[in-house]
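One structure is given below, encoded as structure tokens.
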């Protein structure tokens, strides 16, 4: 699937790529509505109905990923709530093996995520994956999410990678679309970002459901 001799830089997403998206889905779809319901004396269903359009309006925007924004909007300690259920944060199968092997190769490996720095720090403390990366970049560092060309221009300016010799692995199709538009040559999706949901059928990009398929030629 990947000719590693053609790759110098590997850009890896975090949530849904290296980490099980089940944590984030549970947090935003169940735990936050539960706490919002308790705060406002609502049923869980009423809270979900109240929050869903507010979340939908922010999709693809930096605010969607900003814990400070949602703390202010919802009057909830979002960082604290994430810490309460941090035990649910999990690395996807065979990710650790892949990271260990690619660390020992000649490739430069960057973690590139839309996650807010405080969420990123929590997940790195929980998983200890930070030791595998040559750099860790949050889209909040640049003020634009990965869905926008501004982000890719800033990343390219700061990291100086060769677009034709760079691989991005990301579960988000809009992010992969943005990277393709920018000129990243090698793009790979993840077919099962959430272990609690069925595998997705992805036709527009090559997709993996197991990082072991990338390891044989490393």
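The values are calculated or read from the model by the stated rules, or taken from the named source; none is laboratory data. All of these numbers come straight from a predicted model, not from anything done at the bench. A quick note on method: Cβ atoms are made from the backbone with ideal geometry, for glycine too, and the neighbour counts reach across all protein chains shown.
Kindly indicate the residue of region 189-214 that is under 20 Å from residue 108 (Cα atoms) and surrounded by 20 or more Cβ atoms within 10 Å (Cβ to Cβ) and also nearest to the chain's Cα centre (by Cα) among those meeting that condition.
Looking at residues that are under 20 Å from residue 108 (Cα atoms) and surrounded by 20 or more Cβ atoms within 10 Å (Cβ to Cβ), I get 189.
Identify, from the list 49, 34, the residue that is outside any loop (DSSP other than H, G, I, E, B), touching a helix residue (DSSP H, G or I) at 6+ places or on another chain (Cβ under 8 Å) and at pLDDT 95 or above.
Every option except 34 fails the conditions.
Which one is surrounded by the most Cβ atoms within 10 Å (Cβ to Cβ) among residues in region 1-26 that are in contact (Cβ under 8 Å) with a residue 60 or more places away in the chain and part of a helix (DSSP H, G or I)?
The extreme case among them is 23.
Determine whether region 136-154 contains at least one residue that is closer than 19 Å to residue 20 by Cβ and assigned to a helix (DSSP H, G or I).
Checking region 136-154: not a single residue is closer than 19 Å to residue 20 by Cβ and assigned to a helix (DSSP H, G or I).
Which of (1) assigned by TED's automatic domain parsing to the domain that holds residue 37; (2) not in a loop (DSSP other than H, G, I, E, B) does residue 122 not meet, given it meets every other one?
The one condition residue 122 does not meet is (1).
Within region 59-73, how many residues turn out to be in contact with a helix residue (DSSP H, G or I) (Cβ under 6 Å, 6 or more places away or on another chain) and either touching a residue at least 12 places away in the same chain (Cβ under 8 Å) or surrounded by 16 or more Cβ atoms within 10 Å (Cβ to Cβ) (or both)? Before you say what the answer is, go through the steps one by one.
Residues of region 59-73 in contact with a helix residue (DSSP H, G or I) (Cβ under 6 Å, 6 or more places away or on another chain): 63-64, 67, 69-71.
Applying the additional criterion that residues be either touching a residue at least 12 places away in the same chain (Cβ under 8 Å) or surrounded by 16 or more Cβ atoms within 10 Å (Cβ to Cβ) (or both) yields 64, 67, 69-71.
Going through region 59-73 one residue at a time, the tally reaches 5.
Go through the residues of region 154-167 one by one and say whether even a single one is under 13 Å from the mean Cα position of the chain (by Cα), in the same structural domain as residue 199 (by TED's automatic domain parsing) and surrounded by 14 or more Cβ atoms within 10 Å (Cβ to Cβ).
No, because not a single residue in region 154-167 is under 13 Å from the mean Cα position of the chain (by Cα), in the same structural domain as residue 199 (by TED's automatic domain parsing) and surrounded by 14 or more Cβ atoms within 10 Å (Cβ to Cβ).
All but one of (1) assigned to a helix (DSSP H, G or I); (2) touching a strand residue (DSSP E or B) at 6+ places or on another chain (Cβ under 9 Å); (3) crowded, with 17+ Cβ neighbours inside 10 Å hold for residue 112, so report the exception by its number.
Failed condition: (1).
Out of (1) free of Cβ contacts under 8 Å to residues at least 24 places away in the same chain; (2) farther than 23 Å from residue 67 by Cα, what's the single condition that is false for residue 154?
Checking residue 154 against (1) free of Cβ contacts under 8 Å to residues at least 24 places away in the same chain; (2) farther than 23 Å from residue 67 by Cα, the one that fails is (2).
Report the residue count in region 203-216 for those that are assigned to a loop (DSSP other than H, G, I, E, B) and either closer than 27 Å to residue 156 by Cα or without any contact (Cβ under 8 Å) to a residue 12 or more places away in the chain (or both).
Number of matching residues: 6.
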